[in-house]
Amino acid sequence: MTIATHSFDALMNITARPPVVFVRGEGSYLFDDQGRRYLDFVQGWAVNSLGHSPPALVAALSVQAAKLLTPSPAFYNEPSLALAKALTEKSCFDQVFFTNSGAEANEGAIKLARKYGSLHKDGAFEIITFDGSFHGRTLATMSASGKSSFEPLFEPKVPGFHKARLNDLESVKSLIHAKTIAVMLEPVQGEAGVWPATNEFLRELRALTEQHGLLLILDEIQTGMGRTGKLFHYEHAGITPDIMTLGKGIGGGVPLGALLATNKASCFEHGDQGGTFNGNPLMCAAGLAVLNEIAEGDFLKSVAETGLLLASELQRLSARHGLGGVRGEGLLLALDLKRPIGSDVVTAALKDGLLLNSPRPDSLRFMPALNLKREEVAEMIEGLDAILTRMGAARCVA
């Protein structure tokens, strides 16, 4: 098979894609239909938490597929019960609703907050979110997002979302009034270029929401499931949110998300929430396999250590090429390029067999597999160094 045999016309043209067709993945590497290998530091945008086609996930899917795909969400199934129990035991939450995506989980969180407001706060429905945030591509989650490119799209937006500034408590305070029911944020704004909320800000925000009787919703779709060195990012700040959403890494490559809530916040009544494929045993078996791997032994310690190594190597590379700082936590990091060359770097990297992501023109984002090897860090740094040197970015010798 050659690339020329493929027709791309039948797929809706919703994003720019290079004419590369991937057919196989293994760990940190992807292989195209020409047999070429690529080192993948994107991993489906932090989706493949254990890398491509990890044995534990493949085995779980194979076993479950032979037993039961779905009995319909009108009945219980073993994998969903097991995964829900494991998630509640390892978090501060009491109940779980499984979804097919992170956006769907966030949509559910918005509905849950509004339901809570209708029951306990005189119909309050407004949610404070943040400039630069990204919560998904449904109409409500786009409305909740603080992504500037979303502003002119699909008007009129869903009302009830007011934007504060990240790490600015006063800007949050100024938006609270009688119709406010919740504050919703990503602990690290991934799509904005990996901008973390400080632990101090998260603690202050938790105290502020408790003071005003508001729900605190954490969108951990990108940060959850070990990505920042803790199973869930809120553990870094030592807080307990009321609602949390998961997606991306929880399925390890299959479509799975989760809406978690404390008993206090969990107020859906029969008929309020549902979905044909929600909590189906095949996806939940995958999620359980991923969670078991991440929660095993020193896995999270290794994520933190590898993250420090990657950050250190990126800082050395930055010093060599006169670039900016390194942001983020664990294995969700960004390198400030200081000028709008991100797209050019990504294009050059693809030609060299290296997959990188540039969420903003002046930055690169790194979301490798959580079981990334030290030699793979070295391989990526060597490749990126060569690209920056060819582009004339090198300004001094390390």
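Whole-Å semi-axes of the range 157-206's equivalent ellipsoid, largest first, each the root of 5 times a Cα gyration tensor eigenvalue?
On the way: eigenvalues 76, 44, 15 Å².
Semi-axis lengths for the range 157-206 are 19, 15, 9 Å.
What translational diffusion coefficient, to the nearest whole µm²/s, does the range 121-241 have by Stokes-Einstein, given a Kirkwood radius computed over alpha-carbon pairs, a temperature of 10 °C and 1.306 mPa s viscosity? Reported coefficient: 109 µm²/s. For GLY257, nonlocal amide neighbours, meaning residues 5 or more places apart or on other chains whose placed amide H falls under 5 Å from its own, are THR99, ASN100, SER101. Listed values for the range 165-173 are Karplus-derived 3J(HN,Hα) couplings in whole Hz (6.51 cos²θ - 1.76 cosθ + 1.60, θ = phi - 60°), namely 9, 4, 6, 10, 5, 4, 5, 6, 4, and x replaces Gly and Pro.
Hey, if you drop one equal point scatterer on each alpha-carbon of the range 320-398 and run the Debye formula without solvent, what base-10 log of I(q)/I(0) do you get at q = 0.22 Å⁻¹? Normalising to I(0) and taking log10 leaves -1.13. In the calculated pair-distance distribution of the range 198-347, the portion above 18 angstrom amounts to 68 percent of the Cα-Cα pairs.
Over the chain, Cα pairs under 8 Å with separation of 6+ residues give a relative contact order of 22 percent. Could you list, bin by bin from short to long, the percent of Cα-Cα pairs of the chain in 10 Å steps? So the P(r) values, bin by bin, are 5, 22, 31, 27, 13, 3, 0.
For the options ALA74, ALA178, ALA378, a Gaussian network treatment of the chain with springs between C-alpha atoms closer than 10 Å singles out ALA74 as fluctuating the most. The string of couplings for the range 22-34 from the Karplus curve (6.51, -1.76, 1.60, θ = phi - 60°) is 8, 10, 7, x, 8, x, 8, 10, 10, 10, 8, 6, 9 Hz, one whole number per residue in order, with x for Gly and Pro. Summarised as an ellipsoid, the range 44-115 has semi-axes of 24, 18, 13 Å, derived from the eigenvalues of the Cα gyration tensor scaled by 5 and square-rooted, with the largest first.
Which whole-number percent gives the relative contact order of the range 144-201, counting Cα pairs below 8 Å spaced six or more residues apart? Walk me through the numbers before you get to the answer.
Details: 26 pairs, mean separation 16.2, N = 58.
Rounded, it is 28 percent for the range 144-201.
Relative to the compact-globule estimate of 2.2 N^0.38 Å, the Cα radius of gyration of the range 1-92 comes out at 1.47.
Where the centre of each part is set by its Cα atoms, how far does the range 302-367 sit from the range 185-253, in angstrom? Between the Cα centre of the range 302-367 and that of the range 185-253, the gap is 22 Å.
Projecting the Cα atoms of PRO152, GLN211, ALA86 onto the charge dipole of the range 55-294, computed from C-beta unit charges around the Cα centre, puts ALA86 farthest toward the positive end. Scaling the Cα radius of gyration of the range 291-352 by the globular reference 2.2 N^0.38 Å produces a ratio of 1.38. For the range 1-90, the relative contact order comes to 18 percent (Cα pairs under 8 Å, sequence separation of at least 6).
Applying a threshold of 25 Å to the alpha-carbon distances of LYS111/LYS173; LYS67/LYS301; LYS67/LYS115; LYS85/LYS373 flags LYS67/LYS301; LYS67/LYS115; LYS85/LYS373 as lying beyond it. From least to most packed, judged by other beta carbons within 10 angstrom and beginning with the fewest, SER101, SER49 follow the order SER101, SER49.
Values in this text are rule-based calculations from the coordinates and carry no lab data. Given the structure is predicted, the values throughout are model-derived calculations rather than measurements. Don't worry about glycine lacking a Cβ; one is built from the backbone with ideal geometry, like all the others, and counts go over all protein chains shown.
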